[in-house]
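One structure below.
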Amino acid sequence: MIDAQNDTQTTGLSAYGARPALSGVAFARLVDWVDEIAALMQPDRVHWVSGSPDETAALLESMVAQGTLIRLNDEKRPNSFLARSTEDDVARLESRTFICSEREEDAGPTNNWRDPSEMRGTLAGLFRGSMRGRTLFVVPFSMGRTGGPLSHIGVQLTDSPYAVASMGVMTRVGDEVAQLIAEGAPWVRTVHSVGAPLAEGEADVVWPSNPDKHIVHFPDTLEVWSFGSGYGGNAILAKKCFALRIASVIGRDEGWLAEHMLLIRAVSPEGRAFHIAAAFPSACGKTNLAMLRPTLPGWRVETIGDDIAWIRPGEDGRLWAINPEAGFFGVAPGTGESTNAAAVEALRENVIFTNVALTPDGDVWWEGLTDETPERLIDWRGDDWTPDSGRPAAHPNSRFTVAASQSPTISPDWEDAVPLDAILFGGRRATNVPLVVEASSWEHGVFMGATISSERTAAAEGTVGELRRDPFAMMPFCGYNMADYFAHWIRVGARASRLPAVFQVNWFRKGDDGRFLWPGFGENARVIDWIARRVAGEAEAIETPVGRVPAAGSLDLDGLDVRDADLEELFRVDPASWLDEARLTEEFFDTFGDRVPAELREQLAALRERLETARG
Ligand code: GTP
Ligand code: SPV
Ligand code: MN
């Protein structure tokens, strides 16, 4: 028999965290590094994360006891939690994100560069004693299946139990990875502190953080140091910091691509499978397309990934892709039965929600979850809320953290690599950009990716709606000079013999009256259907100055209620405004000086010629 007190002792977090019983030179290097960091940051305790379910449960329970997590109604939302961050810690902070390469030109004009030795000095000051009164967690993680051929491993040191719990969902963590390190596998060092040391006897706050935030990358030594923020991509270092910024550098050197892309397998009514990767900027529809419920009869979409893809040329000359993540950190607002039923189903249990609203019966709500707005809520700040409050109940960048395996649309082999048939680039564009355009060559496709712009969303700081360049949806995530990255894309293409077709899509074009011209969501399947039939050589296209669009009748619009005038507008290419875009593209390219690959300058010149001809 286990009495209550005994029970608490064996399930309390302190019952876990022992260093794994591993030995050897390689493991000793990890232990030495942990000791060195602990000496600098002075935590009260060091906890090695084993990744066991009991440990995870104890970790979550400790956060409930501390107040960082609110346990939701166990009948409505089993084993699920709500976290509320502070006002200044709700999204990625691009202005506080740094790339510290030895040479400034290797970071390029789109990144914040700082001299690495100066930055190391700054960080040493910030991190000294930063974990006092807290626990330092050691989180060995694998991106991609543990031990998988395309996988990479790392270790995150962090004083945030919220980051540990998030890492446990978003990556594969624990003993198996530590074992690989002990066997000599290469690994990347990442360090994170919320920057809120506690004095002796000082009570903790619900969401510790520091106003002075630094998210720092050292691409030459493959390190990440993040200070002051507990939120999302600033704190879950395996995600944007490692799997995109650092991995893009590794990929540049090894001949592969680390991309901000969803991955799906679309299966046609005849049972043919098409593997598609799509790069859309933050909060521009990746999770939605990844879990698409097609409205076209017979089509089915299997989810492989919703945010990151690692792409490598295979021996067969094709490009193969994996989703390195194990979970989804998805945007909550706008996710509902009518827009993304699969996501709603995935969120039934075992979810960590952040900054959504709480219902009186202990469940969650956000704008767009249901058609009807609840009469009373507690908003994301913890204040009473009614529909008359005049502010959103959930933060616009509120999110859910859930295991990929919980999605009803998850592919049975989602952890394996798939050969790409098509790559899509997109963004939010109220004007100019057609619903779908096919590139005429790999170089043209790279040009499309390089010239994407999109209206800003709440996923990072900045003015929502403002148009900005976001090449390849990688503007905030490329760990080196973006012009070199363009050249790398051209190089990878030159080495493959059976390249995927490239398309630009835009679900967000608006009419003069401000309404979306395209119904979007499940209806995007019609565009996927056209793309798949183009790949199979079965759909007709016509040339426009900006690329190939569906020939009359080739986009399946059966049963769709869209006005003819709207359809025309969805595909209208106005040479004058595109010539303006071309001028802005030239200005953008010029910011990189002579590093922009000649192929892209040639694409720009050719585009201008076609537009001049069309303008007459
Ligand atoms: P990150 O996780 O930030 O990288 O973003 P994401 O690209 O995965 O964004 P997500 O799919 O979560 O989309 C965010 C918002 O876009 C939601 O509010 C959706 O409602 C909206 N959205 C997605 N697809 C469509 C669409 O086809 N049409 C319209 N109008 N809105 C869409
Ligand atoms: C994004 O902003 O693109 C995200 C969320 O996917 S975060 O992980 O916070 O970067
Ligand atoms: Mn993202």
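Since every read-out is calculated from the coordinates, none of them should be taken as a lab result. Source: prediction; values computed, not measured. With ideal geometry, Cβ positions are generated from the backbone for all residues, glycine too; neighbour counts draw on all protein chains shown.
Residues whose amide H lies under 5 Å from that of residue 336, counting only those 5 or more places away or on a different chain, are absent; hydrogens are built 1.01 Å from N in the peptide plane. With contacts taken as Cα pairs under 8 Å and at least 6 residues apart, the chain reaches a relative contact order of 14 percent.
Taking 0.36 nm per residue of sequence separation and removing the Cα-Cα distance, the residue 73/residue 430 pair yields an extension gain of 124.5 nm.
Net charge near residue 197, counting Lys/Arg +1 and Asp/Glu -1 over other residues with Cβ under 15 Å of its Cβ? Summing Lys/Arg as +1 and Asp/Glu as -1 gives -2.
Label separation (residue 558 vs residue 375): 4.7 nm, computed from points 7 Å beyond Cα along the C-beta direction. Along region 80-89 the Karplus relation, 6.51 cos²θ - 1.76 cosθ + 1.60 evaluated at θ = phi - 60°, assigns HN-Hα couplings of 10, 9, 10, 10, 10, 8, 8, 3, 9, 9 Hz to successive residues, with x for each Gly and Pro. Distance between the 7 Å Cα→Cβ label points at residue 389 and residue 200: 4.2 nm.
Under the definition of Cα pairs under 8 Å and six or more residues apart, what whole-number percent is the relative contact order of region 445-550?
On the way: 80 pairs, mean separation 16.7, N = 106.
Taking the mean separation of contacting Cα pairs over the length of region 445-550, I get 16 percent.
With Cα atoms defining each centre, region 235-300 and region 51-116 are spaced 22 Å apart in the structure. Report, in degrees rounded to the nearest 10, the 0 to 90 angle that the Cα long axis of helix 598-615 makes with the longest principal axis of the chain. So the inclination is approximately 40 degrees. Counting only Cβ charges, +1 for Lys and Arg and -1 for Asp and Glu, the dipole size of region 328-404 around its Cα centre is about 380 debye. Positive contributions from Lys and Arg (+1) and negative ones from Asp and Glu (-1), summed over other residues with Cβ under 13 Å from the Cβ of residue 290, come out at -1. Each residue of region 229-235 was assigned a 3J(HN,Hα) from its phi angle through the Karplus expression (A = 6.51, B = -1.76, C = 1.60, θ = phi - 60°), giving 10, x, 9, x, x, 6, 10 Hz with x at Gly and Pro. So the label point goes 7 Å from the Cα of residue 295 along Cα→C-beta, right? Which residues of region 541-569 then have their backbone N under 19 Å from it? So the set is 550, 553-569.
Counting neighbouring beta carbons within 10 Å and listing from fewest to most, the residues 567, 292 come out as 567, 292. Between residue 47 and 136, 137, 138, the built amide H atoms are under 5 Å apart, and every one of these is 5 or more places off in sequence or on another chain.
Potential lengthening of the chain between residue 103 and residue 542 amounts to 153.5 nm, from the contour at 0.36 nm per residue minus the alpha-carbon distance. Shown is the FRET efficiency for residue 551 and residue 602, computed with R0 = 35 Å from the Cβ-Cβ distance and rounded to the nearest 0.05: 0.80. For residue 76, a cut-off of 25 angstrom between C-alpha atoms picks up no lysines at all, skipping any fewer than 8 places away in its own chain. When the chain is described by a simple charge dipole with +1 on each Lys and Arg Cβ and -1 on each Asp and Glu Cβ, the residue from 281, 162, 248 located farthest towards its positive end is 248. For the chain, a simple Cβ point-charge model (Lys and Arg +1, Asp and Glu -1, everything else neutral) yields a dipole of about 780 debye relative to the Cα centre. Its DSSP H runs of at least 4 residues, each contributing -39,500 (n - 2.57), put the calculated 222 nm mean residue ellipticity of the chain at -8500 deg cm²/dmol, to the nearest 500. Roughly how many whole Å is it from the C-alpha centroid of region 517-570 to that of region 331-382? Value for the Cα centre distance between the two parts: 33 Å.
Helix 482-495 and the long axis of the chain differ in direction by around 70°, with both axes built from C-alpha atoms. In plain terms, the chain from residue 57 to residue 270 could stretch by 72.2 nm, reckoned as 0.36 nm per residue minus the Cα-Cα distance.
Using alpha carbons only, how many degrees (0 to 90, rounded to 10) separate the axis of helix 116-127 from the longest principal axis of the chain? Its long axis makes an angle of about 40 degrees. For residue 21 and residue 466, a Förster radius of 45 Å and the Cβ-Cβ distance give a FRET efficiency of 0.25, rounded to the nearest 0.05. Only beta bridges with both residues in the chain are counted; by DSSP, about 65 percent of them are antiparallel. Per-residue Karplus couplings for region 367-384, computed as 6.51 cos²θ - 1.76 cosθ + 1.60 with θ equal to phi - 60°, are listed in order as 4, x, 5, 10, 5, 8, 8, x, 6, 9, 8, 9, 6, 5, 7, x, 9, 4 Hz, Gly and Pro entered as x. Bridging of residue 240 to lysines at a Cα separation below 30 Å is possible for 213, 286, once same-chain residues fewer than 8 apart are set aside.
Less than 5 angstrom separates the built amide H of residue 541 from those of 551, all sequence-distant by 5 or more or on a different chain. Annotation: aspartates and glutamates with alpha-carbon distance below 13 angstrom to residue 239 (same-chain offsets under eight excluded): 259, 306, 307, 325. Treat each spin label as a single point 7 Å out from the Cα along the C-beta direction, and report the residue 95 to residue 348 distance in nm. The two pseudo-label positions are separated by 4.4 nm.
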